[in-house]
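Encoded as structure tokens, the structure appears first; notes follow it.
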Amino acid sequence: MTVEQSAAAVQIAVVVGNPKAQSRTLGVALAVADALAEGLAGPTERLVVDLAEEGALLFDQSSQRLSDLGAEVAASRVIIVASPTFKATYTGLLKAFFDRYGYRPLAGCVAVPVMTGAGSGHALAVEVYLRPLLVELGASVPTRGLYVTEAELPDLGVVVDAWAADAVAQVRRALG
């Protein structure tokens, strides 16, 4: 977990459910966070939760560290939730993290679903599985999710910029 702070900033939380720490999925999520921070044109804080680094605690319901991380994520204005595609949906790490929450803990948050995958065959997973999870948790999801394939990773900046061309304005409006 890392936090970059500024006074009166919008907090952007990045939650990544890849079982490999410092994964390419994390890189994609951080690129999305950068695009949103630039588009919000104001000070931002960034909280990064790489769940691979927290794996041993995910199933310990008494873990104060995971409870604190969950509270910090829920207190964020913008939450980027990223997962590789596993068995046509998001990972169990992500599910275990969000299962710790009660009813609608992300109400008032704007969420952005992001998924990565080997190819485009599961590109709808970001809309069909990850978006409904975020909505069920109470988040507003004002823009389409971003699905990035392995073939697109070398051109990640172009892919994220194309997504951000519409998405940043939608996130800005949702933030009010």
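Tabulated values for the structure
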quantity	calculated
Residues within segment 89-111 that are assigned to a strand (DSSP E or B) and touching a Gly at 6+ places or on another chain (Cβ under 7 Å), tallied	0
So Val135, is it without any contact (Cβ under 8 Å) to a residue 60 or more places away in the chain, within 14 Å of the chain's Cα centre (by Cα), under 28 Å from Gly42 (Cβ atoms) and surrounded by fewer than 21 Cβ atoms within 10 Å (Cβ to Cβ)	yes
Residues that are modelled with pLDDT of 95 or more and not β-branched (Val, Ile, Thr), drawn from segment 79-91	Ala82, Ser83, Pro84, Tyr90
Residue match in segment 14-22 (condition: modelled with pLDDT of 95 or more, assigned to a strand (DSSP E or B) and either farther than 19 Å from Leu153 by Cβ or out of contact with any Asp or Glu (no Cβ under 6 Å at 6 or more places or on another chain) (or both))	yes
Segment 39-53: number of residues that are in a helix (DSSP H, G or I), out of contact with any strand residue (DSSP E or B) (no Cβ under 8 Å at 6 or more places or on another chain) and modelled with pLDDT under 95	1
Index of the failed condition, Tyr147 passing every other in (1) out of contact with any Phe, Trp or Tyr (no Cβ under 6 Å at 6 or more places or on another chain); (2) within 17 Å of Leu26 (Cα to Cα); (3) part of a helix (DSSP H, G or I)	(3)
Residue within segment 76-84 that is touching a Leu at 6+ places or on another chain (Cβ under 8 Å), surrounded by fewer than 21 Cβ atoms within 10 Å (Cβ to Cβ) and under 24 Å from Ala169 (Cβ atoms) present	yes
Scan of segment 57-77 for residues that are under 20 Å from the mean Cα position of the chain (by Cα), of a type in the set (D, E, K, R) and outside any helix (DSSP H, G or I), ordered by number	Arg77
Matching residues, segment 93-114, being touching a residue at least 60 places away in the same chain (Cβ under 8 Å) and either more than 20 Å from Ser62 (Cβ to Cβ) or hydroxyl-bearing (Ser, Thr, Tyr) (or both)	Leu94, Val110, Val112, Val114
Condition met for Ala165 (free of Cβ contacts under 8 Å to residues at least 60 places away in the same chain, more than 14 Å from Thr25 (Cβ to Cβ) and either part of a helix (DSSP H, G or I) or hydroxyl-bearing (Ser, Thr, Tyr) (or both))	yes
Filtered residues of segment 126-144 (kept if over 14 Å from Ser83 (Cα atoms), aliphatic (A, V, I, L, M) and part of a helix (DSSP H, G or I))	Val135
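The values are calculated or read from the model by the stated rules, or taken from the named source; none is laboratory data. Computed from a prediction, not measured in an experiment: that's the story for all the values here. Glycine gets a Cβ as well: all are built from the backbone with ideal geometry, and neighbour counts include every protein chain shown.
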